[in-house]
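The values are calculated or read from the model by the stated rules, or taken from the named source; none is laboratory data. What you see is a predicted model, and the numbers here were worked out from it, not measured in a lab. Note: ideal-geometry Cβ built from the backbone for every residue, glycine included; neighbour counts use all protein chains shown. For accessibility, only protein heavy atoms count, side chains too; no ligands or nucleic acids. Shrake-Rupley method; radii C 1.70, N 1.55, O 1.52, S 1.80 Å.
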Amino acid sequence: MTVDHAPPHSPPDISPLPDVEALTPDRGAGRGLTVPRWLRRTVGPVLLLALWQTLSATGVLPADALASPGTIARAGAELIGDGTLPTAMGVSLRRVAAGLLIGGVVGIALALLSGLSRLGEDLVDAPVQMLRTVPWVGLIPLLIIWLGIGEAPKVALIALGVAFHLYLNVYAGIRGVDAQLVEAGRSLGLGRRGLVRHVVLPGALPGAMTGLRYSLATAWLALVFGESINADAGIGFLMNQAREFFRTDVIVVCLVVYAFLGLLADALVRTLERLLLQWRPTFTGQ
């Protein structure tokens, strides 16, 4: 009997696997040294100041049109040294704080009344929306007639700007709460007060924080207009005096102070927002 012998089985051709590290793209390739983000953010302002100083030094930008950064820095140091600028900042901050407090209380109260009740919405929302369309800066003549030329019209103007922004955002936040969350709260046995406390108000908090940020920006804008009403102190008073004597360096110093105080207030609200809204994960960019 003939037995067929199968050819011997040849071992499979096992080629070496490609190096995994060689296939993995090097995320750091081509990037070089990583520059901190805070340093990247300062490049633009530094270049702008350098260009500004160059144009001023070469005479392209006349000093009577706009002072150089060096002149502005010296003027700011003088105003700080003699106490003029800190005193003016204190007066302006008190006005903003008073207007923010009054406008915040009025705006939030009206938003709660209108957002939590249909009857309140019918009574409050339409008049507020009508008044909101009126330019609040155009009310300065009426405020002077009604309240005089003292501190009252300045604070009232700031309060008006603050109240409208807070009302709109808090009202939208209340009405934007998911109805399914409200139904879930009812199924858990929450009454009206419990729903407002544990469901509606936390859901409206992001809108309230946004409204607060807008209100602070509007408060500083209203302060500029308000301090033009026969003011005898404050940052706006310094600007008016500087305008009379064509002191562009002092005017720019006051504008820088306005910007710094606005950024500081916005940073405080952002910090407060992170503390109060820890329960809400958000996209922070890539």
(message) For segment 47-85, give me each residue that is open to solvent by 90 Å² or more (accessible area, probe 1.4 Å) and among the β-branched types (Val, Ile, Thr).
(response) 58, 60, 80
(request) Could you tell me which numbered condition residue 134 fails, if it satisfies all but one of (1) open to solvent by 40 Å² or more (accessible area, probe 1.4 Å); (2) modelled with pLDDT of 90 or more; (3) among the aliphatic types (A, V, I, L, M)? (result) (2)
(message) Being under 21 Å from residue 245 (Cα atoms) and in contact with a Lys or Arg (Cβ under 9 Å, 6 or more places away or on another chain) is true for just one of 73, 67, 63, 77. Which residue is that?
(response) 67
(request) Out of the residues in segment 173-196 that are within 15 Å of residue 117 (Cα to Cα) and of a type in the set (Lys, Arg), state the one that is least open to solvent (accessible area, probe 1.4 Å). (result) 175
(request) Name every residue in segment 86-106 that is open to solvent by less than 40 Å² (accessible area, probe 1.4 Å) and under 14 Å from residue 157 (Cα atoms), in order of residue number. (result) 92, 95, 96, 98, 99, 103, 104
(request) Can you work out which of the residues in segment 137-172 that are of a type in the set (Phe, Trp, Tyr) and in contact with a Leu (Cβ under 9 Å, 6 or more places away or on another chain) is surrounded by the fewest Cβ atoms within 10 Å (Cβ to Cβ)? (result) 164
(request) Could you list all residues from segment 197-215 that are closer than 30 Å to residue 141 by Cα and open to solvent by less than 20 Å² (accessible area, probe 1.4 Å)? (result) 211, 215
